[in-house]
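Q: My questions will all concern the structure given below.
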Amino acid sequence: MQCPYGDDDEILRRYAAGRLSREAAETFEEHLFACDRCADELQAAIEVRAALATDRRPAHRTTRSVPRSVRYSFLAAAAAALIISLGFWQSRSSQAPLRDATRGAEARPLAATGSIAGETFNVHWQRHPRARQYLVQFFGEDGTPLQSVRTSDTAASVPLSGPMAATTFYWNVQALDAGGVAIDRSELQKVVRRDAR
């Protein structure tokens, strides 16, 4: 199936940030059940948001009370995320069995490095023996997907303009097998641009 969102991740960014109308969100959710690419992108965004939430936990607790409406909104959002995740899991488990992407106990994540050269961000990584393609993903500070690049090479360059003009962003690399399933990934890394205007 050809993904209608393959060339433009804007709807995925808006969905991950909770900025779609109810009708548009429902339409996109129907698409997610049939599109592994968008489901993988959304899963990565959820993982990034979770990692960022862990990094931002305060060192001490405050005694301020959270308004009841905020608590209920959070619970509703958490329940919706759980339902979507279970739906993905159940949908995929009823299809062909998933390949086990678990690495051996001594295995390390895919090694990747990135650096800024002028107005370009360059990423390099080691070749994975079973990978047919690689997916380089970029996320904003709140976990919103900014951009992704697919390549069969072990390097990618991305201009630091448009969504990538952010002062701070995160990135990682996924190794994909012939079926487009992620079989390995690099650690999520943070970039803080000191020269950003």
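Residue-wise test of (1) closer than 22 Å to A178 by Cβ; (2) in contact with a Leu (Cβ under 9 Å, 6 or more places away or on another chain); (3) surrounded by 12 or more Cβ atoms within 10 Å (Cβ to Cβ).
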| residue | (1), (2), (3) |
| --- | --- |
| A16 | no, yes, yes |
| L20 | no, no, yes |
| E29 | no, no, yes |
| E41 | yes, yes, yes |
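Q: Also: Identify all residues within region 126-169 that are touching a Leu at 6+ places or on another chain (Cβ under 9 Å) and over 21 Å from A45 (Cα atoms); write none if there are none.
A: Q126, H128, A131, R132
Q: Follow-up. Within region 115-155, which residues are in a loop (DSSP other than H, G, I, E, B), touching a helix residue (DSSP H, G or I) at 6+ places or on another chain (Cβ under 8 Å) and either open to solvent by less than 50 Å² (accessible area, probe 1.4 Å) or modelled with pLDDT of 95 or more (or both)? Explain how you work it out, then say what you get.
A: The initial filter retains those residues of region 115-155 that are in a loop (DSSP other than H, G, I, E, B), namely 118-119, 126-132, 140-144, 152-154.
Filter once more, so that each one left must be touching a helix residue (DSSP H, G or I) at 6+ places or on another chain (Cβ under 8 Å): 140-144.
Hits for region 115-155 are G140, G143, T144.
Q: When A24 is evaluated against the numbered criteria (1) touching a residue at least 24 places away in the same chain (Cβ under 8 Å); (2) outside any loop (DSSP other than H, G, I, E, B), which criterion, by number, is the only one it fails?
A: Here A24 clears every test but (1).
Q: Select from region 8-24 the residues that are out of contact with any helix residue (DSSP H, G or I) (no Cβ under 6 Å at 6 or more places or on another chain) and among the small types (G, A, S) and list them in ascending order.
A: A17, G18, S21, A24
Q: Looking only at residues in region 182-197 that are of a type outside the set (K, R) and open to solvent by less than 50 Å² (accessible area, probe 1.4 Å), which one is farthest from P109 (Cα to Cα)?
A: Residues of region 182-197 that are of a type outside the set (K, R), as a first pass: 182-184, 186-189, 191-192, 195-196.
Then keep just the ones that are open to solvent by less than 50 Å² (accessible area, probe 1.4 Å); that gives 182-184, 186, 191, 196.
Numbers: A182: 12, I183: 10, D184: 7, S186: 5, V191: 19, A196: 30 Å.
If we take residues in region 182-197 being of a type outside the set (K, R) and open to solvent by less than 50 Å² (accessible area, probe 1.4 Å), then A196 is farthest from P109 (Cα to Cα).
The values are calculated or read from the model by the stated rules, or taken from the named source; none is laboratory data. Keep in mind the model is a prediction, meaning the values are calculated, not measured. Don't worry about glycine lacking a Cβ; one is built from the backbone with ideal geometry, like all the others, and counts go over all protein chains shown. Just the protein is used for accessible areas: all its heavy atoms, side chains included, with ligands, DNA and RNA removed. Shrake-Rupley method; radii C 1.70, N 1.55, O 1.52, S 1.80 Å.
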